[in-house]
Amino acid sequence: MEDESSESRKKAKLAIIELANMISVPMSLHAVVRLNVADAVWQGGANAPLSAGEILSRLPPRTISSSAASAGDPENLQRILRLLSSYGVFDEHILATAAGEAGERKYSLTEVGRTLVTDSDGLSYGSYVLQHHQDALMRAWPLVHEAVVDPTTEPFAKANGEPAYSYYGKQPEMNELMQKAMSGVSVPFMRSMLDGGYDGFDGVKRLVDVGGSGGDCLRMILRKHPNVLEAINFDLPEVVDKAASIPGVTHVGGDMFKSIPNADAIFMKWILTTWTDEEVKAILSNCYNALPEGGKLIACEPMLPKDSDDSHRTRALLEGDIFVMTIYRAKGKHRTEEEFKQLGMAVGFSNFRALHSVDYFHTVLEFQK
């Protein structure tokens, strides 16, 4: 039996306790989003260090009751802020007293925390946080082991009686939050892609966005690339029926598993990761058939590194992989570069390249016919 007082054993026990209590982190993050803490601290860019009490005084009336009995508890808020400071969401500033001793704690936003600040379009990563922690999704997490025992049905469906996409379709509030969450992540990604020198849309005249929802990505692409003369937003009929009119964009309803409109190039973002290998082949095959010789599919997807390590990027990608397995499809998954390449080659694409510099989480994949 190993000596429980040894340095290695003490570190191991500390590590497993940290892992066991890890749920405190996302739930604390959820709490500060619900409370609108980031906007309260940011205040138009001031980002001045504030005490928990000062933050409470700035929160919207709908968040904190104005009654004396329910004005909010600064001590409990401070406890949450301290935890999230240890994970780099806030900077903690400890003021010294006149006697030189540690005094009041104040908090400002780090670059990580700033992703939760609402921008001029009403977007932030806050909706992405909230979307992950809705009741229906939380019910699925105790069943992760079921994905190992029986991979034919994902934990979400076992917990809620039906798959996530159909469940969302019957829950307007959930669906609205998911759309806002996707926009909050998608818009910064597209800005980075389009302003970062990506040239994949150069020379394209007819472009189809598969799974384009309301057409926001096409709107941004057209603004940057006037060479695109025809833009088709292709999604399920019930989705495009609700899409607003966008100059230069034609909304087309359909099913990507049946066929995809013809184009010089096809764009899709965060589509392939939620499907099985055979389903991905079906989607890629329909893309291949819709393209001319030399045409290309531009897919933006999370891509797993070949080797595992403890970097933020690897952990975020592996965590996202388990999220897909738990919520969307037990055999849907994040894939490695080689796995994407092989899937493309299996349906006829002759050239493939992966561009990692656009974003640290999502990779731009080009499949050329």
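Taking each DSSP H run with n ≥ 4 as -39500 (n - 2.57) and averaging over every residue of the chain yields -12500 deg cm²/dmol at 222 nm. Over the chain, what is the mean sequence separation of C-alpha contacts under 8 Å (at least six apart), divided by residue count, expressed as relative contact order in percent? Computed value for the chain: 12 percent relative contact order. Placing pseudo-labels 7 Å out from each Cα toward the beta carbon at S245 and K306 gives an inter-label distance of 5.3 nm. Could you tell me the distance between the Cα centroids of the stretch 1-37 and the stretch 171-211, to the nearest Å? A separation of 35 Å, based on Cα centres. I need the shape label for the stretch 181-246. Rule: rounded when a/c is under 1.5, else prolate if a/b > b/c, else oblate, with a, b, c from the alpha carbon gyration tensor. Oblate, since a/c reaches 1.5 and b/c is not below a/b. Rounded, prolate or oblate: pick one for the stretch 1-64, where a ≥ b ≥ c are the square roots of the eigenvalues of its C-alpha gyration tensor, a/c under 1.5 means rounded, and failing that, prolate if a/b is larger than b/c, else oblate. Here the stretch 1-64 falls in the prolate category.
Angle of helix 7-20 to the longest C-alpha principal axis of the chain, folded into 0 to 90 degrees and rounded to 10: 70°.
Along the axis of the charge dipole computed for the chain (Cβ charges of +1 for Lys and Arg, -1 for Asp and Glu, origin at the Cα centre), the listed residues H356, S183, N160 are led at the positive end by S183.
Give me the orientation-averaged projected area of the Cα convex hull of the chain, in nm², one decimal.
About 24.1 nm², averaged over all directions.
Residue ranges 249-255, 289-295 sort as 249-255, 289-295 when ordered by packing (mean number of other C-beta atoms within 10 Å per residue, highest first). For the stretch 288-355 and the stretch 111-163, what is the centre-to-centre distance using only Cα atoms, to the nearest Å? Using only Cα atoms, the two centres lie 20 Å from each other.
In the chain, the longest principal axis of the Cα atoms and the axis of helix 337-346 are about 20 degrees apart.
On a full-extension model of 0.36 nm per residue, what is the gain between N175 and E7, subtracting their alpha-carbon distance, rounded to one decimal in nm?
Taking N175 through E7 to full extension adds about 55.5 nm, to one decimal.
If you take the square roots of the eigenvalues of the alpha-carbon gyration tensor of the stretch 72-182 and sort them as a ≥ b ≥ c, do you get rounded (a/c under 1.5), prolate (a/b over b/c) or oblate?
prolate
If you take all other residues with their beta carbon under 13 Å from the beta carbon of F156, and give Lys and Arg +1 and Asp and Glu -1, the sum is -1.
State which entries of K10/K158; K106/K333; K13/K180; K224/K369; K158/K369 exceed 32 angstrom in Cα-Cα distance in the structure shown. With Cα atoms farther than 32 Å apart: K10/K158; K106/K333; K13/K180; K158/K369. The ranking of S166, S183, S57 by Cβ neighbour count inside 10 Å, starting from the fewest, reads S166, S57, S183. Relative to the longest principal axis of the Cα atoms of the chain, the long axis of helix 24-34 lies at roughly 80 degrees.
Sketch the reach of a paramagnetic label on H133 as a point 7 Å from Cα along Cα-to-Cβ, and name the residues of the stretch 11-44 whose backbone nitrogen lies under 14 Å away. It comes to 22-38, nothing else.
Within the chain, antiparallel bridges make up roughly 50 percent of the DSSP beta bridges whose residues both belong there. Available extension along the chain between E338 and S166 is 58.8 nm, counting 0.36 nm per residue and deducting the alpha carbon span. Net length available on complete extension from D202 to I94 is 33.7 nm, with 0.36 nm assigned per residue and the Cα-Cα distance removed.
Coordinate-derived values only; no laboratory data. As the structure is a prediction and not an experimental result, all values here were calculated from the model. In this analysis, Cβ positions are derived from the backbone assuming ideal geometry, glycine residues included, and neighbour counts consider all displayed protein chains.
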